[in-house]
Amino acid sequence: MSADASSTGFGPKEVDAEARRISQGMDGCAGPAQQLAYLQLELAKFSEERRGVILTQIFARKLDRESDVDPKPDLTDSLIILLISAAITIFIFWISSQYLGQENFQRLPDWIVGTYKGIWSSVATGAVGIGAALLKAFTSKGRRSPHYLKYIGITTACLLVVIGAIVAVPAVFPQVQGRKQMQPPTGVARIVVNSTASTDFDLEAQPQPVPVTYVLKGSFSVTSGTLKGRLASGKVSVAKQLPSGFPEAISRISFRVCYLTSVNGVDQMIAYPDNPKSRDSIDVNLALTPGASYDLAPADFAFDLPGGKGMDRSWLCAALWNGVGYFPAQ
Amino acid sequence: MSSINLDEITSKFHEGRGTTRRLEKLASSWRPGDVYTLDRLYDLVAPSSMQALSLILGELTRRGILQQFVRVESPTGAGIKDFSSILDVPPTVHDWHSDTDIEVGPENLEVVFKVPDVSRR
């Protein structure tokens, strides 16, 4: 702006400088009466035209100072803040799911997509209702509006914290989850990670019956995260009649830990190690001939327990590998 | 009021088309005796700054389109008396709302703009 932009011959800079000077002078006065007297004294030095402009500017500065206090968001502002915050939150989760390779946010619910599409369409067309309100809020140049960035940041952070809590609390405190936590089946040999005491086991064909019955007896103990056990005795009996296509032999008996852990909020049973190795297994060659019966020789086995959660709901189980799969024992 | 070339005034202070449009819309509804506070005008015209608004108002006042008054307000916020010049404001004013004399300071003052009677313009 040029210095003589005002017809009073008094440019914006000069007006602002005089207003600032007088405002500062008033701030230094002792009381309201002195402030008024000072204001009148100073303004009396100017012509009537200039006096009016400077007076307006003094009060404009005062209003500006008052408006430095962030105005509270009204209904439209709140709506804008919530919509943008929700969009940012969805975007953050979408980016995260892309990075983690999960599909949770690949396809958003239709009602979310529809809502945002509707709002955007109404804003773009300047339609009635929410579109007109948002458009007015965005185009009100100079309007003293709340600190959107601050409010959107706070709202987004709150949304993320709430969502994080919803996701994290059931994982950390399963007892707060609505459904009851699953427990290991009864009669199994529970594994206590922090106890070195010896535990006896008696593994049988459970839970589903098969035309092969087997019993594995012995004991185990846990030391420094490693389970070491000894099969004291075992017996495998084959039924007199087998269905066609039934496995022909048992080649390996492996020992493992079965445990319950929460996967995406749902309890699942995991068996570990999932692939038998010689350290945790006893190699045998038991032909599944109808009516056959076998006694197993004592043998030792060991395996490292997996780290992480779930070991508080763990027990010893076994798998009798038959070439096409295995017969479970627990 | 629609005959006023507001675009000339607003563009003088480098204000955009939006400010002019809002000022024109406001001016088209002006009736003699209408009174606006500075704050209200700022909300309605939505200029780029208070400084720009005060310059525009100064120009409108100079052209006689608006009249500037200084209003003394009661501590409750209600208006007590209008003065055409800041120099006319006395140090104390009788507040008829509370029937007491109040000491006048800048906190009790408000700049208001009035649409003048046509006959007086």
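Suppose we filter the range B:52-74 for residues that are out of contact with any Phe, Trp or Tyr (no Cβ under 9 Å at 6 or more places or on another chain) and within 11 Å of another protein chain (Cβ to nearest Cβ); how many remain? So the answer is 2.
Quick grid of which residues meet (1) among the aromatic types (F, W, Y); (2) part of a strand (DSSP E or B):
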{"residue": "A:L203", "(1), (2)": "no, yes"}
{"residue": "A:R230", "(1), (2)": "no, yes"}
{"residue": "A:P243", "(1), (2)": "no, no"}
{"residue": "A:F255", "(1), (2)": "yes, yes"}
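Applying the criterion of being closer than 22 Å to A:D16 by Cβ and open to solvent by 30 Å² or more (accessible area, probe 1.4 Å) to the residues of the range B:11-21, the residue that is farthest from the other protein chains (Cβ to nearest Cβ) is B:S11.
Of the strands (runs of 3 or more DSSP E) that lie entirely inside the range B:77-121, those containing 1 or more residues that are within 19 Å of A:Q35 (Cα to Cα) and in contact with a helix residue (DSSP H, G or I) (Cβ under 6 Å, 6 or more places away or on another chain) span B:100-103, B:109-114. Scoring B:S119 on the criteria (1) more than 9 Å from chain A (Cβ to nearest Cβ); (2) modelled with pLDDT under 90; (3) open to solvent by less than 70 Å² (accessible area, probe 1.4 Å); (4) on the phi < 0 side of the Ramachandran plot leaves a single failure, condition (3). Taking (1) modelled with pLDDT under 85; (2) closer than 23 Å to B:E107 by Cβ; (3) over 11 Å from the mean Cα position of the chain (by Cα) in turn, B:E15 satisfies each apart from (2).
When A:Q181, A:Q206, A:Q177 are checked against the criterion of being modelled with pLDDT under 80 and open to solvent by less than 60 Å² (accessible area, probe 1.4 Å), a single residue qualifies: A:Q177.
Given the options A:S244, A:S233, A:S278, name the one that is of a type in the set (G, A, S) and closer than 17 Å to A:L316 by Cβ. The match here is A:S233. Look at the range A:150-172: where a residue is touching a residue at least 60 places away in the same chain (Cβ under 8 Å) and a partner is open to solvent by less than 50 Å² (accessible area, probe 1.4 Å) and of a type in the set (D, E, K, R), sitting 6+ places away or on another chain with Cβ atoms under 9 Å, you get A:K150/A:D70; A:Y151/A:D70; A:Y151/A:D77.
Inside the range B:26-62, residues that are aromatic (F, W, Y) and under 18 Å from B:F13 (Cα atoms) make up a count of 1. Name the pairs: first residue in the range B:46-70 and open to solvent by 10 Å² or more (accessible area, probe 1.4 Å) and part of a loop (DSSP other than H, G, I, E, B), second residue modelled with pLDDT of 85 or more and not hydrophobic (A, V, I, L, M, F, W, C), Cβ to Cβ under 7 Å, at least 6 apart or on different chains? From residues that are open to solvent by 10 Å² or more (accessible area, probe 1.4 Å) and part of a loop (DSSP other than H, G, I, E, B), the pairs are B:G64/B:P116. When you look at A:D27, is it at pLDDT below 80 and of a type in the set (D, E, K, R), yes or no? Criteria not met by A:D27. Does any residue of the range A:153-173 turn out to be within 14 Å of chain B (Cβ to nearest Cβ), out of contact with any helix residue (DSSP H, G or I) (no Cβ under 8 Å at 6 or more places or on another chain) and modelled with pLDDT under 70? There is no residue in the range A:153-173 that is within 14 Å of chain B (Cβ to nearest Cβ), out of contact with any helix residue (DSSP H, G or I) (no Cβ under 8 Å at 6 or more places or on another chain) and modelled with pLDDT under 70. Within the range A:38-63, the set of residues being among the aliphatic types (A, V, I, L, M) and facing chain B (nearest Cβ under 7 Å) comprises A:L39, A:L43, A:A44, A:V53, A:L55, A:A60, A:L63. Residues in the range A:272-283 that are open to solvent by 30 Å² or more (accessible area, probe 1.4 Å) and of a type outside the set (F, W, Y): A:D274, A:N275, A:P276, A:K277, A:S278, A:R279, A:D283. Filter the range B:76-98 down to the residues that are surrounded by fewer than 16 Cβ atoms within 10 Å (Cβ to Cβ), touching a residue at least 12 places away in the same chain (Cβ under 8 Å) and aliphatic (A, V, I, L, M) and list them by number. B:A78 - this is the single residue of the range B:76-98 that is surrounded by fewer than 16 Cβ atoms within 10 Å (Cβ to Cβ), touching a residue at least 12 places away in the same chain (Cβ under 8 Å) and aliphatic (A, V, I, L, M). Considering each residue of the range A:6-19 in turn, at least one proves to be modelled with pLDDT of 85 or more and surrounded by fewer than 17 Cβ atoms within 10 Å (Cβ to Cβ). Condition test on B:D101, is it open to solvent by 30 Å² or more (accessible area, probe 1.4 Å) and more than 10 Å from every other protein chain (Cβ to nearest Cβ)? Against the criterion (open to solvent by 30 Å² or more (accessible area, probe 1.4 Å) and more than 10 Å from every other protein chain (Cβ to nearest Cβ)), B:D101 qualifies. From the list B:E110, B:E24, B:E8, B:E73, the lone residue that is closer than 26 Å to A:D27 by Cβ and open to solvent by 40 Å² or more (accessible area, probe 1.4 Å) is B:E110.
The values are calculated or read from the model by the stated rules, or taken from the named source; none is laboratory data. This is a predicted model, so every value here is computed, not measured. Neighbour counts run over all protein chains shown; Cβ positions are idealised from the backbone, glycine included. What goes into the accessible areas is simple: the full protein's heavy atoms, side chains included, and nothing from ligands, DNA or RNA. Shrake-Rupley method; radii C 1.70, N 1.55, O 1.52, S 1.80 Å.
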